[in-house]
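Peer 1: What follows is a single structure, and I will ask about it in a moment.
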Amino acid sequence: MLHLKSASLSDIPLIHALAAKTWANTYGEILSPEQLEWMFHRMYSHDSLRRQITEGQQFFIAYRNETPYGYISIEREGSHLFHFQKIYVIPEGQGKGIGAALVEKGIAYVRSIQPEPCRIELNVNRANKALHFYRKMGFEIDREGDFPIGNGYFMNDYIMKLEL
């Protein structure tokens, strides 16, 4: 049975471990090894995750039979704008409805704190195979850009949107 749990600071080691299982699988064919390592440390060090949670990102972790399979994080960026910062499922859990459950949980969370119409956005690398998944979940491409993230690296992303 699949269930989703709100994450807390005590879940930082678990989120880090799940990220380590998904990171190279997701970006290994898109980014250089150096950029993969730099970004992973920047986004998933324990200090970075602690900062993300304490500054208001809401994480949910998906479990099937007590085994963690993935996570989502949601950040409020304005009165009517939210951003799905991270949506990852470990490779052995992909294609089993876990990603869809995470997105649905994220949407339900946004609706619970923002009952008025709003927008959810997410960034997805233009070469990421997850683009089809996000379209299937109702997101559409709104714009694209090459966003500097530091150390001379860029994210070459689509920004997708879902109007609620």
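The values are calculated or read from the model by the stated rules, or taken from the named source; none is laboratory data. Keep in mind that what you see is a predicted model, and the values were worked out from it rather than measured. Neighbour counts run over all protein chains shown; Cβ positions are idealised from the backbone, glycine included. In case anyone asks, the SASA skips ligands and DNA or RNA and just uses the protein heavy atoms, side chains included. Shrake-Rupley method; radii C 1.70, N 1.55, O 1.52, S 1.80 Å.
Peer 1: Please list, in order along the range 93-108, the HN-Hα scalar couplings obtained from phi with the Karplus expression 6.51 cos²θ - 1.76 cosθ + 1.60 (θ = phi - 60°), rounded to whole Hz, x for Gly and Pro.
Peer 2: Couplings: x, 6, x, 10, x, 6, x, 4, 5, 5, 4, 4, 5, x, 5, 4 Hz.
Peer 1: Determine the shape class of the range 36-91: with a ≥ b ≥ c the square roots of the Cα gyration tensor eigenvalues, call it rounded for a/c under 1.5, and otherwise prolate if a/b is greater than b/c, oblate otherwise.
Peer 2: oblate
Peer 1: What does the C-alpha gyration tensor say about the overall shape of the range 1-58? Classify as rounded when a/c is under 1.5, otherwise prolate if a/b is larger than b/c, or oblate.
Peer 2: oblate
Peer 1: For q values of 0.13, 0.16, 0.17, 0.24 Å⁻¹, compute log₁₀ I(q)/I(0) with the Debye formula on a Cα-only model of the range 61-164, without solvent.
Peer 2: Here the Debye-derived log intensity ratios amount to -0.49, -0.74, -0.83, -1.35.
Peer 1: Would you be so kind as to identify which of 19, 4, 59 lies farthest towards the positive end of the dipole of the range 1-78, taking Lys and Arg as +1 and Asp and Glu as -1 on Cβ and the Cα centre as origin?
Peer 2: Farthest towards the positive end: 4.
Peer 1: Go from 0 up to the bin containing the longest alpha carbon distance in the range 1-120, width 5 Å each, and give me the % of pairs per bin.
Peer 2: 2, 11, 21, 23, 20, 15, 7, 2, 0
Peer 1: Further question on the same structure: At what distance in angstrom do the alpha carbon centres of the range 1-68 and the range 117-149 lie from each other?
Peer 2: With the range 1-68 and the range 117-149 each reduced to a Cα centre, they are spaced 19 Å.
Peer 1: Heads up, I need the accessible area for residue 79: 1.4 angstrom probe, whole protein in place, Å², nearest 10.
Peer 2: We get 80 Å² for residue 79.
Peer 1: Another question about this same structure. Hey, if you put +1 on the Cβ of every Lys and Arg and -1 on every Asp and Glu Cβ in the chain, which of 107, 81, 35 ends up farthest toward the positive end of that dipole?
Peer 2: Projecting each Cα onto the dipole axis, the largest value belongs to 107.
Peer 1: Also, I was wondering about something else. Only four residue types carry charge here, +1 at the Cβ of Lys and Arg and -1 at the Cβ of Asp and Glu. Report the dipole size of the chain about the Cα centre in Debye, rounded to the nearest 20.
Peer 2: 400
Peer 1: For the chain, what does -39500 (n - 2.57) per DSSP helix run (n ≥ 4), summed and divided by total residues, give at 222 nm, in deg cm²/dmol to the nearest 500?
Peer 2: Calculated mean residue ellipticity at 222 nm is -11000 deg cm²/dmol.
Peer 1: Let me ask another. To make sure I understand the rule: partners must be aspartates and glutamates, Cα under 13 Å from the Cα of residue 136, and not fewer than 8 residues away in the same chain. Which ones qualify?
Peer 2: Residue 136 reaches 104.
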